[in-house]
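Below you'll find the structure, written out as structure tokens, and then a few comments.
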Amino acid sequence: MDRSNPPRNNDRATPEEFADWLRAQLERRGYDLRPRGGGQTRFAADSGIGQASISRMLRGQGMPETRVLEALAESLDLPLAEVLVAAGILTRDVLFAIRQQTPRTDPLTPEEAAEELGITDPQGVELFVSFTETLRKQRAKNGKNGGDVAAEN
């Protein structure tokens, strides 16, 4: 397997594979990761990521928090999605599926929205639909009056 890129199959990357990927990314950018090379310290200073976190990632010890992965993506000037795949948070298939989703062109009906929100009991659906219709009427009324109207207490 080419360790400079995240896995290309459907399996999630392991912490060790992520470590290999990260090492290749850093070395490609000129960080000397040899003992006493100073690369980890320099990258920590450049990225704002703690040196201990960088060391753990490079040793393949567990997965970093999402905020660390975000900082890593920004520091390496890579799309966050690529880092999430490399870290094993997403698979390439999941990322592909997310990218292939098309936005809705038709608005949801209140009944469809209730279903997507997991509201399934008939009384809950009825209450949700009623509340939605009330909000729509209030919005239409406010629009006719030329803007927002302060709520009455």
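Worth pointing out:
- Where Arg139 falls short, out of the listed (1) closer than 25 Å to Asp11 by Cα; (2) open to solvent by 60 Å² or more (accessible area, probe 1.4 Å); (3) at pLDDT below 85: (1)
- The criterion of at least 3 residues that are farther than 25 Å from Leu95 by Cβ and over 23 Å from the mean Cα position of the chain (by Cα) is met, among helices (runs of 4 or more DSSP H) falling completely within region 17-83, by 39-47, 51-59.
- Hey, Leu95 modelled with pLDDT of 90 or more and either within 28 Å of Ala24 (Cβ to Cβ) or among the basic types (Lys, Arg) (or both) or not: no
- Screening Ala52 against (1) in contact (Cβ under 8 Å) with a residue 12 or more places away in the chain; (2) loosely packed, with under 13 Cβ neighbours inside 10 Å; (3) under 30 Å from Tyr31 (Cβ atoms) leaves a single unmet condition, (1).
- Among residues of region 63-121 being among the hydroxyl-bearing types (Ser, Thr, Tyr) and open to solvent by 30 Å² or more (accessible area, probe 1.4 Å), the one that is nearest to Glu17 (Cα to Cα) is Thr66.
- Hits in region 11-49 (condition: free of Cβ contacts under 8 Å to residues at least 40 places away in the same chain and among the β-branched types (Val, Ile, Thr)): Thr41, Ile49
The values are calculated or read from the model by the stated rules, or taken from the named source; none is laboratory data. Bear in mind that the values here come from a model prediction, so they are computed numbers and not experimental data. FYI the Cβ positions are ideal-geometry reconstructions off the backbone, even for glycines, and counts take in every protein chain you see. Remember, those area values only see protein heavy atoms, side chains included, never the ligands or the DNA or RNA. Shrake-Rupley method; radii C 1.70, N 1.55, O 1.52, S 1.80 Å.
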